[in-house]
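Since the structure comes first, as structure tokens, the remarks are kept for the end.
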Amino acid sequence: MTDDLQHTRTELILCIFLGWLGAHRFYARKYGTAIIYLLTMGVFCIGWIRDIIVLARRYFSLKKGGSTVEVVVSEEAIAQAVAREMLANMGVSEPSEEWKAASRERQHLADEGREERKRRMAELGLDVAIFTDDMVREDVLSILDNFSPAWDVLRVSVDDAEIVGDFQNLTKTGKMPKNVFDGHYSIDGAPTVPNGPRDMVMVTVRYLKDASVNMADAHLWTNNICIGYSVRLVDGEYRITSITRNDLNTGVQDTLYLDNAPKERETAMAILNKEIRKSGGFANVPVAGVADCTW
């Protein structure tokens, strides 16, 4: 029996007998919804029944060796139907056309705001054309590869990355700020186990007017552990100034490294990459190049 089939079988059995207590969701490490199930008797039994159907379909599909694509599609349809029925039972209707129109208008205004900030920067002489998605992508991957090469243990693909850039507001006196542009890079990857938490990467890079990086903040999620670290320009060299570890299962956060003016960076990099490997379940996998960072 394959791991996926065994995992789904166990989850289905738990769902059938203890699903109204959220046992199957605790098993799948979906702790947030598991607690909701526990407090609401499986979301008033509707969620419990829905999960039995979904897991049964997945189990028999895996048992026959078939593709799970159709199952995923049917799960989405079931989820939407259940959500609509739950909202109706709670006296909550679907968003009205007026609400949807207002939401579109808010998005339109936000887009206009981004264009206005860009225009004002250009009027002050900033070469706005040099701030591109490709620039953000290249800088983020350079930061990840050089400071945290262990990030390749995460189940993510750079082909799935989303990049959003935005120019900053002028200062209160109408001048150009020090950091003129923010680049946001994110990847939502695959679960570490079937139906489990997803690996993710989120990096924000702040740029000076010459398009050089002034600072960066990275967050790497794996196995419900978030490893965050900050990179700052110190004495003309990019260095890690802080590392945190946040266990999303327990809500416990630890500061692993903190130095606003580090004299060397190898220590911080060793701590960071060791923690990434450990959190990802690869504590004994060596990472080459940690001490050779030149970025």
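The values are calculated or read from the model by the stated rules, or taken from the named source; none is laboratory data. Just so you know, these numbers come straight off a predicted model, no measurement behind them. All Cβ positions, glycine included, derive from the backbone under ideal geometry; neighbour counts span all protein chains shown. Ligands, DNA and RNA are excluded from the accessible area calculation, which covers all protein heavy atoms including side chains. Shrake-Rupley method; radii C 1.70, N 1.55, O 1.52, S 1.80 Å.
When we screen Met215, Met200 for residues that are in a strand (DSSP E or B), within 16 Å of the chain's Cα centre (by Cα) and in contact (Cβ under 8 Å) with a residue 24 or more places away in the chain, the only hit is Met200. Working only within the range 89-125, note down all residues that are at pLDDT below 90, assigned to a loop (DSSP other than H, G, I, E, B) and not hydrophobic (A, V, I, L, M, F, W, C). Those that are at pLDDT below 90, assigned to a loop (DSSP other than H, G, I, E, B) and not hydrophobic (A, V, I, L, M, F, W, C): Gly91, Ser93, Glu94, Pro95, Ser96. Would the range 3-10 turn up any residue that is β-branched (Val, Ile, Thr), under 26 Å from the mean Cα position of the chain (by Cα), at pLDDT 80 or above and within 30 Å of Gly251 (Cα to Cα)? Yes.
Starting from residues that are under 28 Å from Lys209 (Cβ atoms) and not in a strand (DSSP E or B), keep the ones in the range 159-171 and report whichever is most open to solvent (accessible area, probe 1.4 Å). This residue is Asn169. Beta carbons closer than 6 Å, at least 6 apart along the sequence or on distinct chains, pair a first residue in the range 146-161 that is in contact (Cβ under 8 Å) with a residue 60 or more places away in the chain and on the phi < 0 side of the Ramachandran plot with a second that is open to solvent by 40 Å² or more (accessible area, probe 1.4 Å) and in a loop (DSSP other than H, G, I, E, B) for Asn146/Trp295; Val153/Phe282.
For Leu62, the conditions (1) surrounded by 11 or more Cβ atoms within 10 Å (Cβ to Cβ); (2) in a helix (DSSP H, G or I); (3) modelled with pLDDT under 60; (4) not aromatic (Phe, Trp, Tyr) are fulfilled apart from (3). Residue count for the range 238-254 under the criterion of being assigned to a strand (DSSP E or B) and out of contact with any Lys or Arg (no Cβ under 8 Å at 6 or more places or on another chain): the result is 7.
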